[in-house]
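These notes are about the structure you will find just below.
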Amino acid sequence: MISVEGIDGAGKSTHLPWIKELIERTGRYAWSTREPGGTPLGERLREMLLHESMTPLTETLLMFAARREHCQREIWPRLESGTWVVCDRFTDATYAYQGGGHGVDANRIAEIERATLEGFRPDRTFIFDVPANVGRERLAKGRSLDKFEREELAFFERVRATYLARAAADPQRCHVVDGTRPIAVVRSDLEALLRTP
């Protein structure tokens, strides 16, 4: 399983379909999904999470409820069948957004993670990194924003710092990708990372 992370506007959406295609070009099956979402229940929870006001802990609990459903019904069966899973956000996002951004204690998130996922984590995580102001500028171009995307710049700076701290703490799994570079350069790096055991 590969998860793709980063602050809003970091470039995940640009590269996710390409990552799936690259995996498939090697002769493997790949399935692309997103969080929150990935199941009918997860998609309904996604609408609530992105648009309704709630406390940070409630947000965290709903994220993990959607995640458990996603894993149980879709991710784990596909991995067991030999399919590669490429996921737009996973648990690192909860630590970054609900933890770093909204102040939920990381130990509390870890407790919920253990109860919900029983030790499961992605095999590899790509964290697309851009300065918070760059992400905000990219988001401003031509579409309506959800409640997270409308947060203040300081929120995104905290989210970014949390992502970078998690990458530093788990370098075997997490790879920081400089999202400010040209698309072709980023994809060259991603290809090299995907081909590394």
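The values are calculated or read from the model by the stated rules, or taken from the named source; none is laboratory data. Quick caveat, the model's predicted, so the values are computed rather than measured. All Cβ positions, glycine included, derive from the backbone under ideal geometry; neighbour counts span all protein chains shown. Surface areas here come from the heavy atoms of the whole protein model, side chains and all, with no ligands, DNA or RNA. Shrake-Rupley method; radii C 1.70, N 1.55, O 1.52, S 1.80 Å.
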For region 1-71, accessible area per residue (1.4 Å probe, heavy atoms of protein chains only), Å²: 43
Hull-based mean projected area of region 30-133, where the convex hull spans the alpha carbons, in square nanometres: 7.1
Accessible-area value, Ser81, 1.4 Å probe, nucleic acids and ligands omitted, Å²: 90
Cα-based convex hull, the chain, per residue volume (Å³, whole number): 118
Carbon and sulfur %, accessible surface of the chain computed with the full protein complex present, 1.4 Å: 51
Extension gain, Phe120 back to Arg73 (0.36 nm per residue minus Cα-Cα distance, nm): 15.5 nm
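Please give me the summed charge of the neighbours of Pro56: other residues whose Cβ is under 14 Å from its Cβ, Lys and Arg +1, Asp and Glu -1.
Result for the neighbourhood of Pro56: -1.
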Amide H contacts under 5 Å for Phe128, placed H, 5+ residues apart: Glu5, Gly6, Val177
